[in-house]
Amino acid sequence: MTSSRPDRADLSDDELVRLVQGGETEAFAEFVRRTRRVAYRLARRITRNHEDADDVLQESFVKAYRALGRFELGKPIGPWFLTIVARTALSSIRHERRRSASPLDDPGPDGGPPLKDRVADPSSDPAALERRIEVERAYGRLSEEHRVVLALRVEADLPYAAIAEALGVPVGTVMSRLARARDALVEQMNQTGKVVSDES
């Protein structure tokens with residue numbers, strides 16, 4: 001009879017990291033579970049392709065597993081990992097390993113429903129669905145620089161210092177890029193008659 005798998009869902013990030021550093025694979029599986037969703041959204045926003053985002057995510061988890069032995073306990077692990085994801089995604093698109101951008105009508109990961117069907121329930125709020133689709137299309141028309149800095153701030157919710165570290169630029173540059181990126185997004189939305197707030 002095999003023993004049941006330990007439940008690590010209630011552990012703090014520090015406790016989880018200690019177990020991973022001690023070689024416990026179940027603890028790393030919990031780390032993957034906690035971070036996968038937001039990490040995929042960030043990778044997808046930067047690469048603009050389901051398959052590339054999945055590749056970035058797998059590579060990022062491998063990098064994180066190898067680096068967790070040097071992780072400084074007491075620091076938040078989410079921003080640390082999302083910085084790895086951002087750098088891996090940026091490396092992917094800069095080395096032109098990416099595929100073409102996926103249209104909103106393409107199936108989601110694992111053959112799931114396309115983005116336009118996943119972002120909102122059209123029967124309950126068709127205006128919200130239309131707005132989200134317009135925002136996604138506007139994002140797609142932004143320059144890579146603008147798209148990436150917005151993804152790091154909006155999707156990953158990273159502080160300016162972490163974004164600066166991921167991009168290898170000063171914090172002041174991050175702030176100015178964000179301001180220009182938000183203006184560009186608003187301009188793209190205005191071109192279609194839709195207005196988006198700075199928080200989008």
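Read-outs throughout are calculated quantities, based only on the coordinates presented, and are distinct from any laboratory measurement. Being a predicted model, the structure only gives us computed values, none of them experimental. Ideal geometry is used to build each Cβ from the backbone, glycine not excepted, and the neighbour counts take in all protein chains shown.
If R₀ is 41 angstrom, what is the calculated FRET efficiency for the pair ARG36 and SER176, using the beta carbon separation as r and rounding to 0.05?
On the way: r = 32 Å, r/R0 = 0.78.
According to the calculation, E is roughly 0.80.
If each of TYR65 and ALA29 carries a label point 7 Å out from its Cα toward its Cβ, how far apart are those two points in nm?
1.3
Per 0.36 nm of contour for each residue apart, how much would the distance between GLN21 and ALA161 grow if the chain were fully extended, relative to their Cα-Cα spacing?
Details: separation 140, 0.36 × 140 = 50.40 nm, distance 2.62 nm.
The span from GLN21 to ALA161 would gain 47.8 nm if fully extended.
What does the charge add up to near VAL174, with Lys and Arg as +1, Asp and Glu as -1, over the other residues with Cβ less than 10 Å from its Cβ? It would help to have the intermediate numbers written out before the result.
On the way: positive: ARG153, ARG177; negative: GLU165.
Computed value for this residue: +1.
Obtain the nm distance between the two label points defined at ARG141 and LEU73 by a simple spin-label model: each point lies 7 Å from its Cα along the Cα-to-C-beta direction.
5.2
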